[in-house]
Amino acid sequence: MDKRQAEERVRKLRTEINKYRYAYHVLDKELISPDALDSLKKELFDLEQKFPELVTPDSPTQRVGGKPLKSFLKVRHEKPMLSFNDAFSSEDMADWHQRLTDFLGYDAEKRAEKGQPAYYCELKIDGLAIELIYEDGVFVQGATRGDGFVGEDVTQNLRTVEAIPLKFLPPDEAARNLRGLGLDPKNFNLAPKHLIVRGEVFTTLKEFERMNREQRKKGEKEYANPRNIAAGSIRQLDPKVAAARKLDSFQYSIVTDLGQKRHEEEHLVLKALGFKTNPHNRGARTFKEVMDFREHWATHREGIDYEIDGTVIIVNSNAVFAAAGIVGKAPRGAIAYKFSPREATTVVEEIKVQVGRTGALTPVAVMRPVGVGGITITHATLHNADEIERLGLKVGDTVIVSRAGDVIPQVTQVMKHLRTGKEKAFKMPAKCPVDGSPVVRDGAIYRCSNKLCGARHRESLYHFTSRAAFDIRGVGPQILDKFLDEGLIADAADIFALREGDIAALERFGEKSAENIVKEVQSKKEVPLARLISGLSILHVGEETANLLAQRVADKNILKPSDVGKALGGFTLEKLQELPDVGPKVAASIHEWFKEKRNQDFLKKLDAVGVRVSRIAAQSKSGPLKGQVFVLTGTLASLEREAAKEKIRSLGGGVSESVSKKTTYVVAGENPGSKYAKAKELGVKVINEKDFLRIIHIG
């Protein structure tokens, strides 16, 4: 075959392949079998290999992408990619509708064009939001949402998604499609030079199960859920990884002005141009229809082959939507109505006990595998012995397990009427399951009494590298386990002495990964004082207490870890108890830690490997909040929790992790936890966010 013949054959192959792709992904029609379609693609690929000058950016073969990238480039969105606020109940939805009406000064339902829906309802896909840019009809760039203003260029990976057209349909064909959808093509620009559309990339449940079957065959860990696969695939530097995972995609928004006046029209124009849209999305004339749409899918979502975690409701009129404006980072004219946590029943076959970094024993339910919300659950934490007693749980019980927020599995109820009589009561062990040391009770918590317990040591290493301490990225539990098992490290200080050759010699570690690990470790040798103290895993010392200790010695000449030992080791029990919420038990724990020679030697070893303490400003010892102690609980809407803490400290106040009689205020944000109840019990004053902002002079 000469070049002229090849060129003609390539043109026809591309036309046929695109036709079948459009039929399958947009019209949901399988005109030929997947095997036959693969055969056509193989022929096209072979011809392009023989005649590389015939390769074009919009060729179906280009979905596989090029060579792996070293990093992703940043992309600034022409218009922000906003996210939606969430509603979790019919009351939340009614409040949203009322706020929208109050802001607009009219009901969107009554302002809708005659015969047109006031709202547009969409299924909320549990995937990854994307933006696609086309120039002269050809896909040229794809990006993630990022922070809403700047995303990552993932063009090569998005090319691998069959549902995303590499070239949208020509005007005459799009016009025919649009007429078939009930719109007049004359009202729309169907041949834009520059087009921006937005949508979602996701993994179907069928593909999710296929991938996990492959993982099981290889004896490797199964994937947690479909969304993680989609997001992880699109953010792979090697596009061949994304190609192998057979992702899917729906588009739901047109950023470019093509003449659309209603959001519903955007979906129809997208479909006419050859984009895949969700066939279940539809308009709603009334607010009641909006609620009916959500309730239908709350009970019918098992009938579709992808994960949805709610519905999205958007004001249909683009003019009204624009008039509603933006509140925070979300449009006022749209909201996501989330589904309640999914639940399933299963049987607790065993209760195991795990030992944490401080020696705390945590009971964990081992269950018959059960699918909940797209993942297979076999374990769920039971928190402590009191929780087991509250549930009335026995080994062998049938339980209801749910995923709170569709993420964390937990046992919520025991179905006692299904008991057979063979169930067995559970008791916390008297000896540590790791080293056999006696177990002691500390309030609701059981602990291993041996401070040198192997499990505690391993967990303390995990904590040492975590974000709360040295923040050594890429050196997580699995890698630390490998280093321990291979004898490369005996304690956390040894991590800083590792060399590339030590790591590269290990199985499944290459030179590049070894280089990256060593570079990251060396970059974290200088650490803020509070995070160094937190990283020591001192019993009862969390992030807030570590910060209080750091502030207490901030004015001393602390340059090395051993200086920390000298400064804090010189404190008497009485001096330590002067700190807010440091009682006799916490003071004794701190005092004993710094007096132990083993710990003093460890601090000196950190000195020797080059760990240094970065300078911090001493907390204000005067100010309007001097002597006042704050406890934060729940989510603050107007500022991040760390920013709130810093503001309190800058005004001379203190922050505590727990509520006590020494607490001045408990600041309750949205969804406050047990600290709120504790404050009420102790008679501590509880204030809302508005009052808190007034106290710290914000707003």
- Note on the structure: Computed curve, region 629-695, Cα-only Debye sum without solvent term, log₁₀ I(q)/I(0) at 0.20 Å⁻¹, is -0.72
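Let me spell out the model: positive unit charges on the Cβ of Lys and Arg, negative unit charges on the Cβ of Asp and Glu, origin at the Cα centre of region 86-338. What dipole size does that give, in debye rounded to 20?
Values: 37 positive and 39 negative charges, 91 e Å.
About 440 debye.
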- Could you tell me which of Ala430, His457, Phe470 has its Cα farthest along the dipole of region 383-471 towards the positive end, charges placed at Cβ (Lys, Arg +1; Asp, Glu -1), taken about the Cα centre? Ala430
- Note on the structure: Once the dipole of the chain is set up from charges on Cβ (+1 Lys and Arg, -1 Asp and Glu), the residue from the list Val353, Ile130, Leu40 lying farthest towards its positive end is Val353
- Item | Relative counts (whole %) of C-alpha pair distances in region 502-549, using bins that are 5 Å wide | 5, 19, 19, 11, 11, 13, 12, 9, 1
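Given +1 on the Cβ of Lys and Arg, -1 on the Cβ of Asp and Glu, and no further charges, what dipole in debye does region 471-534 carry about its Cα centre, rounded to the nearest 20?
Details: 9 positive and 13 negative charges, 59 e Å.
In debye, rounded to 20, region 471-534 gives about 280.
Given a cut-off of 19 Å, name the pairs among Lys556/Lys605; Lys338/Lys678; Lys525/Lys597; Lys482/Lys512 whose C-alpha atoms lie farther apart than that in the structure shown.
In this structure, Lys556/Lys605; Lys338/Lys678; Lys525/Lys597 exceed 19 Å between Cα atoms.
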- Using Cα pairs closer than 8 Å and at least 6 residues apart in sequence, work out the relative contact order for region 454-524, in percent. 27
- Item | MRE, 222 nm, helices only [DSSP H, n ≥ 4, -39500 (n - 2.57), over the chain, to nearest 500] | -11000 deg cm²/dmol
- Message: Report the Cα centroid-to-centroid distance between region 117-181 and region 344-360 in angstrom, as an integer.
- Response: 45
- Can you flag which of Lys524/Lys560; Lys427/Lys680; Lys451/Lys595; Lys221/Lys394; Lys19/Lys261; Lys206/Lys271 are past 22 Å Cα-Cα? Lys427/Lys680; Lys221/Lys394; Lys19/Lys261; Lys206/Lys271
- Task: Return, ordered by residue number, the residues of region 86-108 whose backbone nitrogen is under 11 Å from a label point located 7 Å along Cα→Cβ of Lys690.
- Result: none
- Query: Taking the alpha-carbon set of region 86-338, what are its Rg and Dmax in Å?
  - Reply: 18.9, 61
- Item | Cβ-based charge dipole, region 528-614, positive-most Cα from Gln600, Val586, Leu532 | Gln600
- What angle, in degrees between 0 and 90 and rounded to the nearest 10, separates the Cα long axis of helix 543-552 from the longest principal axis of the Cα atoms of the chain? 50
- Enumerate the whole-percent occupancy of each 10 Å bin, from 0 to the last occupied one, for all C-alpha pair distances of region 454-524. 20, 61, 19, 0
- About the Cα centre of the chain, what is the dipole size in debye to 20, counting +1 per Lys and Arg Cβ and -1 per Asp and Glu Cβ, all else neutral? 1300
- Task: Go through Lys217/Lys246; Lys167/Lys329; Lys329/Lys647 and tell me which ones have a Cα-Cα distance over 25 Å in this structure.
- Result: Lys167/Lys329
- For q = 0.05, 0.09 Å⁻¹, Debye-computed log10 I/I(0) when each Cα of the chain counts as one equal scatterer: -0.33, -1.04
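Compute for region 486-617: radius of gyration divided by Kirkwood radius, i.e. Rg/Rh, restricted to C-alpha atoms, rounded to two decimals.
Working: Rg = 16.7 Å, Rh = 15.9 Å.
Rounded to two decimals, Rg/Rh equals 1.05.
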- Rank by packing, highest mean first: peptides 628-634, 679-685, with packing defined as the count of other Cβ atoms within 10 Å averaged across residues. 628-634, 679-685
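Laboratory data are not the source of any read-out in this text; all were calculated from the coordinates shown. Computed from a predicted model, the values in this text were never measured in an experiment. Here Cβ is always computed from backbone atoms with ideal geometry, including for glycine, and neighbour counts include all displayed protein chains.
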